[in-house]
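Participant: Dumping the structure here so I can ask a few things about it.
The values are calculated or read from the model by the stated rules, or taken from the named source; none is laboratory data. What you see is a predicted model; the values in this text were computed from it and never measured. Quick reminder, even Gly has a Cβ in these numbers, built from the backbone with ideal geometry, and neighbours come from all protein chains shown.
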Amino acid sequence: MYDFITDLFNIDKKMIKKIEVISSKDLTEFHISLVSEKLRCPYCHGITHLHGFSKPKVINHPKLTDRKCIIVFKNNRYQCNECLRTFSGKNPFTFSNFKNSFLSMNNIMKSLSNLNYTYSMVAELNHISVTQVQRYFDSFVNIPKIRLPESIGIDEIHSKMAKRADSAYLCVMVDNKNRSLFEILPSRSKSELRRYFDRIPAEERNCVHYVTIDMWEPYKDIANTYLKNAIIAVDPFHVVKHLMDCFKRIRLNIMYQAEYNSNSYYLLKTWKDLIERDVYLDNEPVYNKRFKKKLNKRNLLDMILDVSENLTLGYRLKEMYLYFNENATEKDCESWFDSIYEAFREAQLPEYNEFVSILQTWRTEILNSFKRPLDDRKLSNALSENINGQIRTYLAVSNGVRNFTRFRKRCLLSLNRKVFYSINDQLKSDKYTTDKKQNN
């Protein structure tokens, strides 16, 4: 029995003098007293003797999952033979004046390392208040100075915590090489980015070799100003997204010009995925009630492209760029890109004007994305998007978060292997780090 009991409390069984277990429907109590020790007086270092017991201390200890569990600890009192002062023995279960055990605090911090747990969920699991959970988190997590990585991915996420005067977005920075989050800023504005990089020595900034961004102009300007040795690459996904948005406008413009419920309208409305997504076309023909014959998806695609010459041209250009994006290499991408750019420009489709401008403005950064310096992966913001997805999930399950300081610490603890928690007896709170203070 003692081996099992001591596993519950993480102490040597030889320390235990007596254990009494009292269990009810909703509560299990462990009444514990310890063997007396030969201690020196903390005041004069004289020899001491056992001098009774302290008032029993109730300590929350959520080792059992189906009910609340507490330790009722009867600590030994000692008296010095020389100065006659009395003092309590060591408490192996928690810090002085704490009501939760070391195990409880460790369980809380392990749960908070997972963004799928809210503070309320952790509080309920450990039978304590939400405020106390937040206070432990604020006290036990301190973010160290994280050196700029070799390859930085910069992205953003919409949040009410952002500095509204500058931007409605937080700036998220990731380490593309070590696959981790390394910083979150309260705004993606140029002024906030400038303040951040101004605090970093030039020697450290010059060690950054790659920066991946979306097409937000301040990111490019800041990278050119502060990260002078870095190659800047635009995330291919964002380029393709702009392309698909432009092609969608072509389809919609033609569909709205067609007579409602006509064959053209039906094809562009019902079978839009055939021209906007990667779909297997050579399926077995299926009977189509509208056309009263069997058709497979390739037949339907041909019928859609017959609706309009502009649609056909837009589709061919779109497929041309997607094939280039998927198959081009660092060696052949430049000439290939230039031929595609000319094809888009000469097509003179109004819906593609924005995309042509993107190809012209971001040519160098798009071509840089075909470099493969890290594990044979193209330079992209794939990791940033993945981490943003986890952060969005956290924001969703939390029903919104207002305290930016606490939010940043929580994300870094969960998404950076170099950030740890350290349980200590110095409690503090980040509660009063308000939005007003952040904006000053």
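Participant: Would you tally the residues in segment 67-97 being β-branched (Val, Ile, Thr), touching a Phe, Trp or Tyr at 6+ places or on another chain (Cβ under 6 Å) and surrounded by fewer than 16 Cβ atoms within 10 Å (Cβ to Cβ)?
Facilitator: Going through segment 67-97 one residue at a time, the tally reaches 0.
Participant: Filter segment 271-307 for residues that are surrounded by 12 or more Cβ atoms within 10 Å (Cβ to Cβ), closer than 18 Å to MET244 by Cα and of a type outside the set (Asp, Glu) and give the result.
Facilitator: If the condition is that a residue be surrounded by 12 or more Cβ atoms within 10 Å (Cβ to Cβ), closer than 18 Å to MET244 by Cα and of a type outside the set (Asp, Glu), then TRP271, LYS272, LEU274, ILE275, VAL279, LEU301, ILE304, LEU305 are the ones that fit.
Participant: Any idea how many residues of segment 190-215 are surrounded by 18 or more Cβ atoms within 10 Å (Cβ to Cβ) and either within 20 Å of TRP362 (Cα to Cα) or free of Cβ contacts under 8 Å to residues at least 12 places away in the same chain (or both)?
Facilitator: Result for segment 190-215: 5.
Per-residue answers, yes or no, for (1) in contact (Cβ under 8 Å) with a residue 40 or more places away in the chain; (2) among the hydrophobic types (A, V, I, L, M, F, W, C); (3) out of contact with any Ser or Thr (no Cβ under 9 Å at 6 or more places or on another chain):
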site	(1), (2), (3)
PRO42	yes, no, yes
HIS51	no, no, no
ILE59	yes, yes, no
LEU84	no, yes, yes
PHE87	yes, yes, no
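Participant: Taking strands (runs of 3 or more DSSP E) that do not extend beyond segment 25-131, which have at least 2 residues that are in contact with a Leu (Cβ under 8 Å, 6 or more places away or on another chain)?
Facilitator: Values: elements: 27-34, 48-53, 57-60, 68-74, 76-80, 86-88.
The strands (runs of 3 or more DSSP E) meeting that bar are 27-34, 68-74, 76-80.
Participant: For VAL122, state whether it is surrounded by fewer than 18 Cβ atoms within 10 Å (Cβ to Cβ) and either free of Cβ contacts under 8 Å to residues at least 60 places away in the same chain or assigned by TED's automatic domain parsing to the domain that holds LEU193 (or both).
Facilitator: On the way: surrounded by fewer than 18 Cβ atoms within 10 Å (Cβ to Cβ): no; either free of Cβ contacts under 8 Å to residues at least 60 places away in the same chain or assigned by TED's automatic domain parsing to the domain that holds LEU193 (or both): yes.
Criteria not met by VAL122.
Participant: Among the numbered criteria (1) closer than 30 Å to THR118 by Cβ; (2) out of contact with any Asp or Glu (no Cβ under 8 Å at 6 or more places or on another chain); (3) not in a loop (DSSP other than H, G, I, E, B), which one does ILE366 miss?
Facilitator: (1)
Participant: Does segment 376-394 hold any residues that are surrounded by 15 or more Cβ atoms within 10 Å (Cβ to Cβ) and assigned to a loop (DSSP other than H, G, I, E, B), and which are they?
Facilitator: LYS378, LEU379, SER380, ASN381
Participant: What's the total number of residues in segment 98-117 that are of a type in the set (S, T, N, Q) and either without any contact (Cβ under 8 Å) to a residue 12 or more places away in the chain or touching a strand residue (DSSP E or B) at 6+ places or on another chain (Cβ under 6 Å) (or both)? Reasoning before the result, please.
Facilitator: Filtering segment 98-117 down to residues of a type in the set (S, T, N, Q) leaves 100-101, 104, 106-107, 111, 113-114, 116.
When the remaining residues are screened for being either without any contact (Cβ under 8 Å) to a residue 12 or more places away in the chain or touching a strand residue (DSSP E or B) at 6+ places or on another chain (Cβ under 6 Å) (or both), the result is 100-101, 104.
Final tally of qualifying residues: 3.
Participant: Any residue in segment 118-140 that is modelled with pLDDT of 95 or more and in contact with a strand residue (DSSP E or B) (Cβ under 6 Å, 6 or more places away or on another chain)?
Facilitator: So far as segment 118-140 goes, yes, one or more of its residues are modelled with pLDDT of 95 or more and in contact with a strand residue (DSSP E or B) (Cβ under 6 Å, 6 or more places away or on another chain).
Participant: To continue, here is another question. Identify all residues within segment 342-352 that are assigned to a helix (DSSP H, G or I) and exposed (fewer than 13 other Cβ atoms within 10 Å of the Cβ); write none if there are none. Reasoning before the result, please.
Facilitator: Initially, segment 342-352 is screened for residues assigned to a helix (DSSP H, G or I), giving 342-347, 350-352.
The answer is GLU342, GLU346, PRO350.
Every residue, every condition in (1) at negative phi; (2) in contact with a Cys (Cβ under 9 Å, 6 or more places away or on another chain); (3) touching a residue at least 24 places away in the same chain (Cβ under 8 Å); (4) of a type outside the set (A, V, I, L, M, F, W, C), yes or no:
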{"position": "TYR287", "(1), (2), (3), (4)": "yes, no, no, yes"}
{"position": "LEU301", "(1), (2), (3), (4)": "yes, no, yes, no"}
{"position": "ASP306", "(1), (2), (3), (4)": "yes, no, no, yes"}
{"position": "LEU313", "(1), (2), (3), (4)": "yes, no, yes, no"}
{"position": "TRP336", "(1), (2), (3), (4)": "yes, no, no, no"}
{"position": "GLU346", "(1), (2), (3), (4)": "yes, no, no, yes"}
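Participant: Any idea which of LEU8, LEU64, LEU27 is modelled with pLDDT under 90 and surrounded by 14 or more Cβ atoms within 10 Å (Cβ to Cβ)? Working first, answer last.
Facilitator: Working: LEU64 fails: surrounded by 14 or more Cβ atoms within 10 Å (Cβ to Cβ); LEU27 fails: surrounded by 14 or more Cβ atoms within 10 Å (Cβ to Cβ).
Selected residue: LEU8, the only one of LEU8, LEU64, LEU27 that is modelled with pLDDT under 90 and surrounded by 14 or more Cβ atoms within 10 Å (Cβ to Cβ).
Participant: Please determine, by comparing only the residues of segment 172-209 that are of a type in the set (Ser, Thr, Tyr) and in contact with a Ser or Thr (Cβ under 8 Å, 6 or more places away or on another chain), which one is nearest to VAL419 (Cα to Cα).
Facilitator: Here the answer is SER187.
Participant: Sticking with this structure for a sec: Could you run through segment 362-384 and say how many residues are polar (S, T, N, Q) and at pLDDT 95 or above? Quick ask: steps written out before the conclusion?
Facilitator: Here is the first cut: in segment 362-384, the residues polar (S, T, N, Q) are 364, 368-369, 380-381, 384.
After this cut, where a residue has to be at pLDDT 95 or above as well, the list is 364, 368-369.
Selection size over segment 362-384: 3.
Participant: Further, regarding this structure: Which residues, counting only those in segment 100-118, are crowded, with 17+ Cβ neighbours inside 10 Å and under 20 Å from CYS69 (Cα atoms)?
Facilitator: Correct list: ASN100, SER101, PHE102, LEU103, SER104, MET105, ASN107, ILE108, MET109, SER111.
Participant: Also, I was wondering about something else. If we scan segment 180-198, do we find a residue that is under 20 Å from LEU412 (Cα atoms) and small (Gly, Ala, Ser)?
Facilitator: The answer is yes; a qualifying residue exists.
Participant: Does ASP338 fit the bill of being at pLDDT below 95, exposed (fewer than 15 other Cβ atoms within 10 Å of the Cβ) and either out of contact with any His (no Cβ under 7 Å at 6 or more places or on another chain) or of a type in the set (Asp, Glu) (or both)? Write out each step before concluding.
Facilitator: Values: at pLDDT below 95: no; exposed (fewer than 15 other Cβ atoms within 10 Å of the Cβ): yes; either out of contact with any His (no Cβ under 7 Å at 6 or more places or on another chain) or of a type in the set (Asp, Glu) (or both): yes.
No: the conditions fail for ASP338.
Participant: Here is a follow-up. So, in segment 253-288, exactly how many residues are aliphatic (A, V, I, L, M), under 42 Å from the mean Cα position of the chain (by Cα) and over 14 Å from LEU301 (Cα atoms)? Before the answer, list the steps.
Facilitator: Residues of segment 253-288 that are aliphatic (A, V, I, L, M), as a first pass: 254-255, 258, 267-268, 274-275, 279, 281, 286.
Still in the list and also under 42 Å from the mean Cα position of the chain (by Cα): 254-255, 267-268, 274-275, 279, 281.
Within this subset, residues satisfying the condition of being over 14 Å from LEU301 (Cα atoms) are 254-255.
Total satisfying the criteria: 2.
Participant: If you don't mind, there's one more thing I want to ask. So ASP138 clears everything in (1) surrounded by fewer than 19 Cβ atoms within 10 Å (Cβ to Cβ); (2) touching a residue at least 40 places away in the same chain (Cβ under 8 Å); (3) within 27 Å of TYR394 (Cβ to Cβ); (4) not small (Gly, Ala, Ser) except one condition, right? Which one?
Facilitator: Every listed condition holds for ASP138 apart from (1).
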